[in-house]
Each structure stands twice: as C-alpha cells, then as structure tokens.
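Have a look at the structure below, then the notes.
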Amino acid sequence: MKTTIDFNWIMGFVLVFILATHNQNLIADPLITYPITINDMKLRVEVANEPDSRAQGLMNRQFLAQHGGMVFVFPTERNFSIWMKNTLIDLTVIFANKDGRIINIEHMKRNTLISHRPSRPAMFALEVSQDSPVAKGVEPGDYILGLKKIPSAKD
C-alpha cells in the first residue's frame, strides 16, 4: 500500500513538472504588464522607462506572446534609435508621438546591429513579435490607446 502511494505522488509530481515546463501558458511572467489597444487589438506590454531597462529591452528573450510586447517610454519626444543586438526573435517596432499617434513602423531582423529610428521625434517605441496581429494590422496615423496609464520615463 505504501509503495503505491509513493508511486502515485512521484508520478503526479512528474506530470505537473512536464506540463509546467512544456506549456508556456502555465509559466507566469514575473514582470508587470499594462493593457494597451491599437485598432481594437488588445495587448499586454512590459514597460522600459529607465535608461537600463531601455538598453536591455527584449535582449536574450526566446519567446514573446502574440498579444504581448514592450513599450519604451522617453521623457519627451526625441530622436533615438533601436537595434537588435542579442535579440533572438524578429520584432516589429512601432514609433509613436506623445499622443500615441503612430509615426512609422519598422520590421527588424534578430541579432543585427542595424539602427531603426522614428521618422520624426517620438516619445514611445512599441516592440511586438513579427508574428503578432498588431505587426500586420497597424499603419502610420493609427493611435495606441492606454499609453497615458503607463508609468512615465524616469530619467
């Protein structure tokens, strides 16, 4: 009887371990995310609003959910550039002004040093997976809603 109970506990643990490590939906993201919307498409985004978090960005990430992303927040509209050094997934960056109006969109290849810039000063840069519906469903002039509720830049 005791052997059967021990075996059941071990098998239960193994099953839970396998499910948790092989199903990315069961693994919780430790970072805080915020809701934004573009053209009725809802996203949950991480925020990079400090120099260190903006420099790190999505480097070394192996996965980004289709309805996830990272928004880079700057203190004012400005010219800046983004590159893909040590970034393991292809991304699309959406540059927006202080009102959330999309200025331009760039598709970026993984692990490259090509600089991507807004076509005029921007306050926000939203990075999403190139597989995301957002990457294919937005264009300059559209608005990103919800940016006013995201923490402002801290520099």
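What the table below lists for this structure:
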{"item": "Positions within the range 56-85 being of a type in the set (A, V, I, L, M, F, W, C) and in contact with a strand residue (DSSP E or B) (Cβ under 8 Å, 6 or more places away or on another chain), in sequence order", "result": "LEU58, LEU64, ALA65, MET70, VAL71, PHE72, VAL73, PHE74, PHE80, ILE82, TRP83, MET84"}
{"item": "Unmet requirement for GLY137, which otherwise passes all of (1) within 11 Å of ILE38 (Cα to Cα); (2) open to solvent by less than 20 Å² (accessible area, probe 1.4 Å)", "result": "(2)"}
{"item": "Single residue of THR112, THR87 found to be touching a Gly at 6+ places or on another chain (Cβ under 8 Å), in a loop (DSSP other than H, G, I, E, B) and touching a residue at least 12 places away in the same chain (Cβ under 8 Å)", "result": "THR87"}
{"item": "Check on ILE144, in a strand (DSSP E or B) and over 22 Å from ILE32 (Cα atoms)", "result": "no"}
{"item": "Matching option when the condition is touching a helix residue (DSSP H, G or I) at 6+ places or on another chain (Cβ under 8 Å), modelled with pLDDT of 95 or more and either open to solvent by less than 70 Å² (accessible area, probe 1.4 Å) or more than 26 Å from ILE114 (Cα to Cα) (or both), among ILE36, ILE27", "result": "ILE36"}
{"item": "Single unsatisfied condition, SER53 versus (1) open to solvent by 30 Å² or more (accessible area, probe 1.4 Å); (2) in contact (Cβ under 8 Å) with a residue 60 or more places away in the chain; (3) farther than 20 Å from LYS136 by Cβ", "result": "(2)"}
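Every residue, every condition in (1) farther than 20 Å from THR33 by Cβ; (2) not β-branched (Val, Ile, Thr), yes or no:
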{"position": "SER53", "(1), (2)": "no, yes"}
{"position": "PHE63", "(1), (2)": "no, yes"}
{"position": "HIS67", "(1), (2)": "no, yes"}
{"position": "ILE89", "(1), (2)": "no, no"}
{"position": "VAL93", "(1), (2)": "no, no"}
{"position": "ILE102", "(1), (2)": "yes, no"}
{"position": "ASN111", "(1), (2)": "yes, yes"}
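The values are calculated or read from the model by the stated rules, or taken from the named source; none is laboratory data. Just so it is clear, the structure is predicted and the values come from calculations on it, not from any experiment. Here Cβ is always computed from backbone atoms with ideal geometry, including for glycine, and neighbour counts include all displayed protein chains. What goes into the accessible areas is simple: the full protein's heavy atoms, side chains included, and nothing from ligands, DNA or RNA. Shrake-Rupley method; radii C 1.70, N 1.55, O 1.52, S 1.80 Å.
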